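The values are calculated or read from the model by the stated rules, or taken from the named source; none is laboratory data. Because the structure is a prediction, the values reported are computed rather than measured. Every residue, glycine as well, gets a Cβ built from its backbone with ideal geometry; the counts of neighbours run over all protein chains shown. Calculation scope for accessible area: heavy atoms of the full protein, side chains included, ligands and nucleic acids excluded. Shrake-Rupley method; radii C 1.70, N 1.55, O 1.52, S 1.80 Å.
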Amino acid sequence: MKLVRRLAISAGTAVALFLTSAGAVAAAATIPFQIDPAPYGNPNGSFDAPSVRCVAEVGNQPGTMTITGGKAGRWGCLLSAEVRWMNLSTGASGVTQLSDGLNGIPAAAAVHTGTGQVAVAVLSTAGGVITPGAATFWVP
């Protein structure tokens, strides 16, 4: 009877340890959002200025997200755009710049926000009237 009890306690402990360690590892996620150009101040956009589709990649590294393009090869986000972010859980905030997309490397910015609910706005630095793309999501 003691042997059965010890085996049951050992098995229960092993399962509990496995479940807590598996829960601590978050799966990587890709969260899409878009930026809507407003040529000539037209808030409805235009057929000649399509929406810009960006994504936030979270879960690859703790407390870090990557803003990049949502199309094949990570293209599709604005080049050299300003990324403003705020961790709503901790109050930390900052500004960074998307890369310029030169030499066949798509625009991207790794942002170290810390763990928590994060709000992001991507603003064009090229000028013109462009509605900022904004998103909020959990960064593990």
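Checking residue 116 against (1) over 28 Å from residue 38 (Cβ atoms); (2) open to solvent by 70 Å² or more (accessible area, probe 1.4 Å); (3) touching a residue at least 24 places away in the same chain (Cβ under 8 Å): exactly one of these is not met. Which one?
For residue 116, the failing item is (2).
Any residue at all in the stretch 122-138 that is farther than 16 Å from residue 32 by Cβ and within 14 Å of the chain's Cα centre (by Cα)?
No, there is no match, as no residue in the stretch 122-138 is farther than 16 Å from residue 32 by Cβ and within 14 Å of the chain's Cα centre (by Cα).
Yes or no: residue 80 free of Cβ contacts under 8 Å to residues at least 24 places away in the same chain and either in a strand (DSSP E or B) or among the polar types (S, T, N, Q) (or both)?
So residue 80 fails the test.
This table checks each residue for (1) at pLDDT below 90; (2) farther than 30 Å from residue 140 by Cα.
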{"residue": "37", "(1), (2)": "yes, yes"}
{"residue": "43", "(1), (2)": "yes, yes"}
{"residue": "48", "(1), (2)": "yes, yes"}
{"residue": "52", "(1), (2)": "yes, no"}
{"residue": "65", "(1), (2)": "no, no"}
{"residue": "68", "(1), (2)": "no, no"}
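What's the number of the condition residue 84 fails, among (1) more than 16 Å from the chain's Cα centre (by Cα); (2) open to solvent by 20 Å² or more (accessible area, probe 1.4 Å)?
That leaves (1) as the condition not met.
The rows are residues; the columns are (1) without any contact (Cβ under 8 Å) to a residue 12 or more places away in the chain; (2) open to solvent by less than 40 Å² (accessible area, probe 1.4 Å); (3) not in a loop (DSSP other than H, G, I, E, B).
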| site | (1), (2), (3) |
| --- | --- |
| 67 | no, yes, yes |
| 91 | yes, no, no |
| 95 | no, no, yes |
| 100 | no, no, no |
| 109 | no, yes, yes |
| 128 | no, no, no |
| 135 | no, yes, yes |
